[in-house]
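Quick notes on the structure that follows.
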Ligand SMILES: Cc1cc2nc3c(=O)[nH]c(=O)nc-3n(C[C@H](O)[C@H](O)[C@H](O)COP(=O)(O)OP(=O)(O)OC[C@H]3O[C@@H](n4cnc5c(N)ncnc54)[C@H](O)[C@@H]3O)c2cc1C
Ligand code: FES
Ligand code: FES
C-alpha cells in the first residue's frame, strides 16, 4: 500500500468537509475491509483515509446506534455485521437480516465490516478487480465479462456492464422496506434503500447514487405488518469463506393462509438488488401452498438474459425463491 | 481472456500468476515516496492526522503495555511480525480470506492483515503467544497437541484464536455447529478440521468437568 495519512475527525461536518475537498483521494473509512482490499491490489491509492470511527460519541451516535424504534429497527451505518448478527431482541420478523448478516464473509471480517460499507463496497468482478486490466468501470472501452469469463456475472438488468451487486445485506434490507438517511450538502434526506443503488446504465463509476462527500448515516426498518415473516437463502460453491452465487431475501405477510403482501429481492444476479416484481404480484391474494410456490418461482427470472457461462443462475434463483417461500410460509417441501 | 483484453503498464511485469506473490512481498513500504502531509493551505478542523510517516501508538499486547511507532499504512500483521518479531500470527492470503492472521482485539476475533496498526491504539491485542498462561499451554492448546489438530501448522494459530474466543464466550456445552461457525473463516489446507473440532470439544469438556 502507498503511504497515506489517517485523518480522525470528531464531527460529521469536519469529516464531510475534509472528504469533499478531494473526494477521490480522501475516502471515508468505516471497517476498511473493502478499501484495504482495493488498496492492497493497487486499485486505489488514497492520500488520506477519513476515519468514521473517530467521530465523537455525540456526533457519531446515530451512525453507531442499533436500536428498536416503534416496532421497527434503526441500524447505524457504522454497526458491524457481527453486532447485527448477534443483536439480542431483533424482532423475529427481521430474521432475513440476521441470517444474511451472520452468513456474509467470515467471522473475523464481520467484526470489522460495517453495514454502510457493506452497502457501498465495490463489485467483485474479476476484471474490475484485476490490477492490469481496464474494463468499462475502470475507464476502459468495453465490459470484459460480456464476452469473457462470466459465470459469476449478472443474468438480470445487465449491460453495458454485467457486475452483480456484492452486498449481502442489500437484499434483506430491501425486502424489509428499509429507508436510508443520508447527510449531504443540502442537509439530511431519507429515501427508500432501493433508490440508493444505481445500475451501470445510469452510472458506470459507482454503484450508488451518493454525491461526493455524502455520508450514509443510518437505515430504518419500519415496524413489520402483523404476520410478516422474512427469510434469506443463499447458494455458494463452498459452505464457508465463499461469496454467494445467488441469494434471495423475501418478506411475506401471511394472514391465515393467505399472502397479503410480498417483497422478493434477488442478490448476486443483477447489478443492483433485484426486486422480483412478477413473483410478488403472483403471490399476493393467494393461499400459500406448494403448488403456488412451484408456479410462481419461475417468475423470478422473468426478463433474464444469461451470458455464455451463467445460465445456471436462472434455475438456481428459481430454486432459492421456492425454498425461501416454503420456509417463510411454513409449508413443507413435497418429496 | 478475449482479444479485446487490455493490459495496462502498471502490471506488465507481474504477469498473472506472479501477482499475489509480488503483492505479498510488498509489505509496509518504507522506501516509497511519502504522501503529501496535511498542508497549511488545507488545515485540519476538528480532526487529528496520523502520518504520513511513522507515528507512535500505545497498546496492550498479550497483557503488557507497549508503545510502538508505526506508519499509517502498516497493518497490525506487519507490526506484529515484521516490526515486533512476534511471529506466531501467520500471513497467508493478506486479504482477510484465510484466518491465518487471526488475533483477538479486546476479545473479538479480527484479521490482523485487514486491520491497521493504528486501529489498535488503546486496545488489548492477544496473539497466539498470549493464550498460554504463565508459560503453560492452555487446555485448548494441549488438546490440539493431543488430538493431532494440525499437520503443517500454518493455520494453527488462527484456529486457536477462533476457538479460544468461542470457548470464552460460549456458555454451556459446545455443539459441533458452533465450532464450525467459529472456524468458518479459517482455511486449513491440510484438512484438519475434524481434529480441530474434536480438540475444541475436548477442551470445552475439560472445562465443564472442573
Ligand atoms: C474473505 C471475504 C469474504 C467476503 N464475503 C462477503 C459476502 O459474502 N457478502 C458480502 O456482502 N460481503 C462480503 N465481503 C465484503 C465485506 O463484507 C465488505 O468489504 C465490507 O462489508 C465493507 O464494509 P467496511 O465497513 O469494511 O467498508 P469500507 O471498506 O470502510 O468502505 C467501503 C466503501 O464505502 C464507503 N463508506 C463506508 N461507510 C460509509 C458511510 N457511512 N458513508 C459514506 N460512505 C461510506 C467508503 O468510503 C468506501 O468507499 C467479504 C470480504 C472478505 C474479505
Ligand atoms: S493472512 Fe489475514 S486472513 Fe489470510
Ligand atoms: S495444519 Fe496445515 S493448513 Fe492447517
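Screening B:157, B:208 for residues that are more than 10 Å from every other protein chain (Cβ to nearest Cβ), closer than 29 Å to residue B:56 by Cα and either away from ligand 2 (no atom under 14 Å from the Cβ) or outside any loop (DSSP other than H, G, I, E, B) (or both) leaves exactly one candidate, B:157. Among residues belonging to the range A:87-111 that are surrounded by fewer than 18 Cβ atoms within 10 Å (Cβ to Cβ) and farther than 21 Å from residue A:233 by Cβ, point out the one that is farthest from the other protein chains (Cβ to nearest Cβ). Looking at residues that are surrounded by fewer than 18 Cβ atoms within 10 Å (Cβ to Cβ) and farther than 21 Å from residue A:233 by Cβ, I get A:89.
Tally time: how many residues in the range A:179-209 are part of a loop (DSSP other than H, G, I, E, B) and crowded, with 16+ Cβ neighbours inside 10 Å? Walk me through how you get there before you give the answer.
First, pick out the residues of the range A:179-209 that are part of a loop (DSSP other than H, G, I, E, B): A:185-186, A:198-207, A:209.
Remaining after also requiring crowded, with 16+ Cβ neighbours inside 10 Å: A:198-200, A:204, A:207.
Within the range A:179-209, residues that are part of a loop (DSSP other than H, G, I, E, B) and crowded, with 16+ Cβ neighbours inside 10 Å number 5.
All of B:70, B:55, B:47, B:74 fail the test of being free of Cβ contacts under 8 Å to residues at least 24 places away in the same chain and farther than 22 Å from residue B:160 by Cα, apart from B:47.
So that you can scan it fast, the table gives a plain yes or no per residue for (1) under 19 Å from the mean Cα position of the chain (by Cα); (2) over 22 Å from residue B:46 (Cβ atoms); (3) away from ligand 3 (no atom under 16 Å from the Cβ):
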residue	(1), (2), (3)
A:19	no, no, yes
A:22	no, no, yes
A:26	no, no, yes
A:48	no, no, yes
A:51	no, no, yes
A:56	no, no, yes
A:77	yes, no, yes
A:81	yes, yes, yes
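Could you go through the range B:165-182 and let me know if any residue there is within 18 Å of residue B:103 (Cβ to Cβ), surrounded by 15 or more Cβ atoms within 10 Å (Cβ to Cβ) and within 16 Å of ligand 3 (Cβ to nearest atom). Scanning the range B:165-182, I find at least one residue that is within 18 Å of residue B:103 (Cβ to Cβ), surrounded by 15 or more Cβ atoms within 10 Å (Cβ to Cβ) and within 16 Å of ligand 3 (Cβ to nearest atom), so the answer is yes. Restricting A:101, A:108 to those that are in contact with a strand residue (DSSP E or B) (Cβ under 6 Å, 6 or more places away or on another chain) and part of a helix (DSSP H, G or I) reduces the list to A:108.
Could we say that residue B:130 is within 16 Å of ligand 1 (Cβ to nearest atom), surrounded by 14 or more Cβ atoms within 10 Å (Cβ to Cβ) and either under 18 Å from residue B:103 (Cα atoms) or away from every other protein chain (no Cβ under 12 Å) (or both) here? Talk me through it step by step, then tell me what you get.
Numbers: within 16 Å of ligand 1 (Cβ to nearest atom): no; surrounded by 14 or more Cβ atoms within 10 Å (Cβ to Cβ): yes; either under 18 Å from residue B:103 (Cα atoms) or away from every other protein chain (no Cβ under 12 Å) (or both): yes.
Here the answer is no, as residue B:130 does not meet what is asked.
Condition test on residue B:79, is it away from chain A (no Cβ under 11 Å), outside any strand (DSSP E or B) and modelled with pLDDT of 50 or more? It is true that residue B:79 is away from chain A (no Cβ under 11 Å), outside any strand (DSSP E or B) and modelled with pLDDT of 50 or more. Filtered by the rule that a residue be out of contact with any strand residue (DSSP E or B) (no Cβ under 7 Å at 6 or more places or on another chain) and at positive phi, the range B:117-151 gives B:134, B:135, B:148.
Among the residues of the range A:112-129, the ones that are within 8 Å of another protein chain (Cβ to nearest Cβ) and surrounded by fewer than 24 Cβ atoms within 10 Å (Cβ to Cβ) come to 0 in all.
Are any residues in the range B:133-154 within 16 Å of ligand 2 (Cβ to nearest atom) and either surrounded by 16 or more Cβ atoms within 10 Å (Cβ to Cβ) or touching a residue at least 60 places away in the same chain (Cβ under 8 Å) (or both), and if so, which ones? Break it down into steps so the answer makes sense when it comes.
Filtering the range B:133-154 for residues within 16 Å of ligand 2 (Cβ to nearest atom) gives B:152-154.
Answer for the range B:133-154, where residues must be within 16 Å of ligand 2 (Cβ to nearest atom) and either surrounded by 16 or more Cβ atoms within 10 Å (Cβ to Cβ) or touching a residue at least 60 places away in the same chain (Cβ under 8 Å) (or both): just B:154.
So which of B:198, B:149, B:170 ends up being more than 16 Å from ligand 1 (Cβ to nearest atom), more than 26 Å from residue B:95 (Cα to Cα) and away from every other protein chain (no Cβ under 14 Å)?
Values: B:149 fails: more than 26 Å from residue B:95 (Cα to Cα); B:170 fails: away from every other protein chain (no Cβ under 14 Å).
The match here is B:198.
Can you find, within the range A:255-271, the residue that is modelled with the lowest pLDDT among those that are touching a strand residue (DSSP E or B) at 6+ places or on another chain (Cβ under 8 Å) and surrounded by fewer than 21 Cβ atoms within 10 Å (Cβ to Cβ)? Applying the filter and picking the extreme gives A:257.
Which of (1) surrounded by 16 or more Cβ atoms within 10 Å (Cβ to Cβ); (2) farther than 25 Å from residue A:99 by Cα; (3) within 14 Å of chain A (Cβ to nearest Cβ); (4) more than 16 Å from ligand 1 (Cβ to nearest atom) does residue B:191 not meet, given it meets every other one? Residue B:191 satisfies every listed condition except (1). If only residues of the range A:277-291 that are in contact with a strand residue (DSSP E or B) (Cβ under 8 Å, 6 or more places away or on another chain) and closer than 17 Å to residue A:256 by Cα are counted, the one that is surrounded by the most Cβ atoms within 10 Å (Cβ to Cβ) is A:283.
Being in the same structural domain as residue B:105 (by TED's automatic domain parsing) and in a helix (DSSP H, G or I) holds for only one residue in B:203, B:184, B:149, and it is B:203. Checking the structure you have, find out if any residue of the range B:97-104 is within 13 Å of chain A (Cβ to nearest Cβ), within 10 Å of ligand 2 (Cβ to nearest atom), part of a strand (DSSP E or B) and closer than 27 Å to residue B:52 by Cβ. Yes, the range B:97-104 contains a residue that is within 13 Å of chain A (Cβ to nearest Cβ), within 10 Å of ligand 2 (Cβ to nearest atom), part of a strand (DSSP E or B) and closer than 27 Å to residue B:52 by Cβ. Looking at the range A:3-85, the strands (runs of 3 or more DSSP E) lying wholly inside it that each contain 1 or more residues that are more than 9 Å from chain B (Cβ to nearest Cβ), free of Cβ contacts under 8 Å to residues at least 12 places away in the same chain and out of contact with any helix residue (DSSP H, G or I) (no Cβ under 6 Å at 6 or more places or on another chain) sit at A:66-68.
The values are calculated or read from the model by the stated rules, or taken from the named source; none is laboratory data. Worth saying up front: this structure is predicted, and the values here are computed from it rather than measured. Every residue, glycine as well, gets a Cβ built from its backbone with ideal geometry; the counts of neighbours run over all protein chains shown.
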